[in-house]
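Since the structure comes first, as structure tokens, the remarks are kept for the end.
Please treat every number below as a calculation from the coordinates, not as lab data. Everything quoted here is computed from the prediction, not taken from an experiment. Don't worry about glycine lacking a Cβ; one is built from the backbone with ideal geometry, like all the others, and counts go over all protein chains shown.
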Amino acid sequence: MNLEQMLQAITPEVYENLKYAVETGKWQNGQKLTDKQREDSLQLVMAYQAKVEKSTEHFTIGADGQMVMKSKRELKKEFLAATDIARFDQDDI
């Protein structure tokens, strides 16, 4: 199985599980990843971000294979543009 076939077989749920494992160093069941598992999982997460997800989030891998790095100004603009769940004035309470 080549990389393209493997990436097509990865579901979003599997991607999230791999990403969690890379971030925490353990699987969802609490079992610790071996160094080889962590290395392989990290490579799959990066390839998935670049080829399938085409992520533009900060510190992910973009479609060009390079890490997406955003300036502080760009990040502030994105955070301010995000929709709020709820906002209350002090007098509303």
If you line up the long axis of helix 35-48 against the longest principal axis of the chain, both from Cα atoms, how many degrees apart are they, to the nearest 10? 60
Partners for Lys51 among lysines (Cα-Cα distance below 21 Å; same-chain residues under 8 apart left out): Lys19, Lys70
Helix 72-81 axis, angle to the chain major axis (alpha carbon atoms, nearest 10°): 70
Mind listing which chymotrypsin sites (Phe, Trp or Tyr not before Pro) in segment 1-71 are in a DSSP loop and have 16 or fewer other Cβ atoms within 10 Å? Trp27, Phe59
Between helix 12-24 and the chain, what is the angle of the helix's C-alpha long axis to the longest principal axis, kept within 0 to 90° and rounded to the nearest 10? 90
Leading residue at positive end of dipole, segment 3-83 (Cβ point charges), from Gln5, Val68, Gln49: Val68
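Could you give the dipole magnitude of the chain about its Cα centre, charging the beta-carbon of Lys and Arg +1 and that of Asp and Glu -1, in debye to the nearest 20? It would help to have the intermediate numbers written out before the result.
Numbers: 13 positive and 16 negative charges, 75 e Å.
The dipole magnitude comes to about 360 debye.
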Relative contact order, percent, segment 3-45 [alpha-carbon distance under 8 Å, six or more residues apart]: 37
